[in-house]
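Below is one structure, written out as structure tokens, with a few remarks after it.
Only the coordinates and a few stated rules stand behind these numbers; no lab work does. Computed from a predicted model, the values in this text were never measured in an experiment. All Cβ positions, glycine included, derive from the backbone under ideal geometry; neighbour counts span all protein chains shown.
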Amino acid sequence: MTTSTPTPTPGLGGRTVAVLGGTGEQGRGLARRFALAGVPVVLGSRSAERAAAAAAELPGQVSGLDNEGAARAGDIVVVAVPWEGHRELLEALVEALAGKIVVNCVNPLGFDKQGAYALAVPEGSAAQQAAAVLPGSHIVAAFHHVSAVLLLDPEVETIDLDVLVLGDDREATDLVQALVALVPGMRGVYGGRLRNAHQVEALTANLIAVNRRYKAHAGLRVTDI
């Protein structure tokens with residue numbers, strides 16, 4: 001199937017987006033949507049070969065490298081890895097991510113017979129942990145509530161939801177909002193300082209409960225703005 005690749009919005013200025021955890025469903029889904037919008041994307045994985053294989057299956061300008069290579073190649077770096085390996089990964093990439101916008105969409109969740117629940121994080125949230133580990137990077141929290149199923153579905157052209165974008169650097173949050181807006185139907189909404197990211201991460205457990213009960217892929221919409 002041939003897919004056109006629109007020119008990215010001026011606000012992105014031709015920047016490359018790297019996705020760490022890019023071979024997982026969430027990472028691949030986000031990478032796919034960015035690539036469809038004409039953004040150069042680099043998938044990162046522990047295995048460069050696995051990343052390259054995943055990249056070859058996506059439309060647009062997508063390449064694959066190991067996590068360090070992807071971190072160095074990206075101007076904006078999306079962290080979409082499992083919570084269990086979050087700190088370890090970032091600790092290994094402090095130098096590679098210095099000075100860059102790092103978008104954290106990690107949800108610290110546990111699962112038991114009653115369903116999903118939010119885990120306590122010593123720093124307050126996954127995003128705040130990223131800020132503590134990466135003091136030289138610009139941390140933004142975003143993309144927590146986007147369904148990987150919808151992102152990967154070629155039949156779904158428009159994803160109608162708002163993405164809450166949190167951070168302490170206005171230029172960085174504005175740029176991430178522009179990135180969100182590249183996906184048809186999505187809107188980036190500023191959601192406050194990074195200290196409030198724990199509420200956004202924890203809300204994912206509620207959305208999982210909603211989706212299980214109603215057999216849906218629900219997201220969020222913020223009204224009156």
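Would you tally the net charge around G124, using a Cβ to Cβ cut-off of less than 10 Å, leaving G124 out, and scoring K and R as +1, D and E as -1?
Surrounding charge for G124 is -1.
Quick test of the membrane-span-like rule: which DSSP H helices of the chain reach at least 24 Å along their long axis (C-alpha atoms) with mean Kyte hydropathy at least -1.0?
Those that clear 24 Å and a mean of -1.0 are 197-214.
For the chain, what does the convex hull of the Cα positions come to per residue, in cubic angstrom?
Per residue, the Cα convex hull of the chain comes to 121 Å³.
At a 10 Å Cβ-Cβ cut-off, how would you order E57, E68, E25, fewest neighbours first?
In increasing order of surrounding Cβ atoms, one gets E57, E25, E68.
Report Rg (one decimal) and Dmax (nearest whole number) for the stretch 158-218, counting Cα atoms only, units Å.
When restricted to the Cα atoms of the stretch 158-218, Rg and Dmax are 13.0, 39 Å.
Taking a spot 7 Å from the Cα of E155 along the direction of its beta carbon, which residues of the stretch 181-225 have an amide N less than 18 Å from it?
215-218
May I ask you to sort T158, T204, T23 by Cβ crowding, counting other Cβ atoms within 10 Å and putting the fewest first?
T158, T204, T23
Which of the peptides 212-225, 111-124, 80-93, 40-53 is most tightly packed, and how do the rest follow, judged by the mean count of other Cβ atoms within 10 Å per residue?
Final packing ranking: 40-53, 80-93, 111-124, 212-225.
Provide Rg and Dmax in Å for the stretch 91-180, with only Cα atoms included in the calculation.
Considering the stretch 91-180 through its Cα atoms, Rg and Dmax are 15.0, 42 Å.
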